[in-house]
1. Just the residues that are under 18 Å from the mean Cα position of the chain (by Cα) and either in a strand (DSSP E or B) or in contact (Cβ under 8 Å) with a residue 12 or more places away in the chain (or both), please, taken from segment 37-61.
2. Looking at segment 136-157, is at least one residue in a helix (DSSP H, G or I), open to solvent by less than 60 Å² (accessible area, probe 1.4 Å) and either over 20 Å from ASP35 (Cβ atoms) or touching a Ser or Thr at 6+ places or on another chain (Cβ under 7 Å) (or both)?
3. Name the single residue that is modelled with the highest pLDDT among those in segment 324-349 being within 17 Å of MET279 (Cβ to Cβ) and assigned to a helix (DSSP H, G or I).
4. Counting just the residues of segment 87-117 that are touching a Leu at 6+ places or on another chain (Cβ under 7 Å) and assigned to a loop (DSSP other than H, G, I, E, B), which one comes out least open to solvent (accessible area, probe 1.4 Å)?
5. Just to verify a result, which residue in segment 287-327, among those that are in contact (Cβ under 8 Å) with a residue 24 or more places away in the chain and among the hydroxyl-bearing types (Ser, Thr, Tyr), is most open to solvent (accessible area, probe 1.4 Å)?
6. Have a look at LYS92, LYS128, LYS114, LYS138 and point out the one that is charged (D, E, K, R), over 19 Å from the mean Cα position of the chain (by Cα) and at pLDDT 95 or above.
7. May I ask you to list the residues in segment 186-196 that are open to solvent by less than 70 Å² (accessible area, probe 1.4 Å) and touching a residue at least 60 places away in the same chain (Cβ under 8 Å)?
Amino acid sequence: MIKMTDEKIKVPVDQNFNQFKDQFAIEWEAKRTEDYKEYRRKWVENPKDFILEEGPLNLDIEVTNCCNLKCPMCPRTVLINENIPVNGEKLKTGFIDFEFYKDIIDQAVDMGVKAVKLNWLGEPTMHKDLANMIRYAKDKGIIDVLINTNGLFVDEKLAEGLIKAGLDKLLFSFDSPYKEVYENIRIGSDYDKVISNIKNIKSLREKSGSDTPLTRVSMVLMKENADQFKDFVELFKEHVDIVAWSEYTNKEELLGEGRKRLKREKIKNFACAQLWQRMFVTWNGKVVVCCADIKMEYVVGDAKKEKLKDIWKNEKYTNIRMRHMEGNYNSIPICSVCDMPEFDEKEQK
């Protein structure tokens with residue numbers, strides 16, 4: 001590992017993220033293995049000390065960039081509606097090949113990757129092999145396998161398959177407790193169906209005799225829903241293990257400032273924790289450094305042509321880390337328009 005420190009640089013971790021945990025979630029974390037706890041410790045501490053492991057702690061694998069919804073605040077929707085180039089060309093959509101996926105997991109295990117998140121721009125439950133992909137990762141020794149989902153397709157049959165496969169965390173995105181507002185934000189969804197799907201998970205988990213997946217529902221706070229948060233918590237607090245929220249962010253300045261609740265100033269001497277925590281592989285093999293690079297302007301490699309371990313420490317990846325360590329994140333175009341430097345850890349509640 002490489003360790004370099006500069007006390008003048010601020011490296012907030014999970015800064016635009018807040019949550020309420022119930023007792024089950026607290027005890028669930030306490031019961032995890034020492035390997036899991038060490039990985040979570042490194043998640044927080046490694047970026048602050050600029051400690052670079054042999055591989056990312058978490059590998060984000062985009063199993064598909066297709067989606068069944070058209071949420072107006074989602075960068076994917078904007079990319080498609082406005083025909084914005086991605087990696088220099090029109091956005092291509094598709095599903096990851098299972099054999100390619102297995103190769104990625106095998107490499108990840110060899111690099112010491114501890115966690116795998118199976119989505120980025122798309123809806124993972126649209127992939128026919130999702131349960132098999134979860135099981136493969138678990139069988140290979142990945143200790144934390146998780147997905148974000150809009151929940152529309154997580155009916156009883158799929159939920160049972162995810163539980164049986166060994167999914168560790170099931171994270172739902174749900175942006176209003178009120179049906180009309182929700183369906184205006186989550187265009188193409190069905191409020192009642194998703195509510196039912198979310199509420200059903202706990203009983204299915206208990207029926208299976210497993211304590212996984214840990215469940216979370218989260219909302220993005222925007223001008224149109226910020227006053228609904230208390231009702232949101234009341235709606236879900238008895239049905240999931242964690243209720244969470246984050247502030248709306250304007251990814252790559254695509255989405256406009258109109259939805260933001262608050263005007264914020266950027267932190268001076270900011271460095272992004274993601275550069276030491278995670279790496280993103282798209283469904284067709286392109287590798288990017290963070291969740292905000294939705295136009296893939298800073299592609300650091302191609303997993304179909306290169307080994308992940310070589311990409312993780314290549315010249316382009318090293319360059320962006322060095323710029324951040326020096327406090328010069330603004331010299332990287334995608335970082336200069338990112339909202340993450342607006343959020344500091346002290347703001348978490």
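The values are calculated or read from the model by the stated rules, or taken from the named source; none is laboratory data. Keep in mind it's a predicted model, so treat the numbers as computed, not measured. Using ideal geometry, Cβ is built from the backbone for each residue, glycine included, and neighbour counts are taken over all protein chains shown. Please note that ligands, DNA and RNA were not included when accessible areas were found on the heavy atoms of the full protein model with its side chains. Shrake-Rupley method; radii C 1.70, N 1.55, O 1.52, S 1.80 Å.
1. Within segment 37-61, TYR39, LYS42, TRP43, VAL44, PRO47, GLY55, PRO56, LEU57, ASN58, LEU59, ASP60, ILE61 qualify.
2. No: zero hits.
3. HIS324
4. Selected residue: VAL113.
5. It comes out as TYR298.
6. LYS128
7. The answer is ARG186, GLY188, SER189.
Conditions (1) surrounded by 14 or more Cβ atoms within 10 Å (Cβ to Cβ); (2) within 16 Å of ASN148 (Cα to Cα); (3) modelled with pLDDT of 95 or more, marked per residue:
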| site | (1), (2), (3) |
| --- | --- |
| GLN23 | no, no, yes |
| LYS31 | no, no, yes |
| GLU34 | no, no, yes |
| LYS37 | no, no, yes |
| ILE51 | yes, no, yes |
| GLU54 | no, no, yes |
| ASN58 | yes, yes, yes |
| CYS66 | yes, yes, yes |
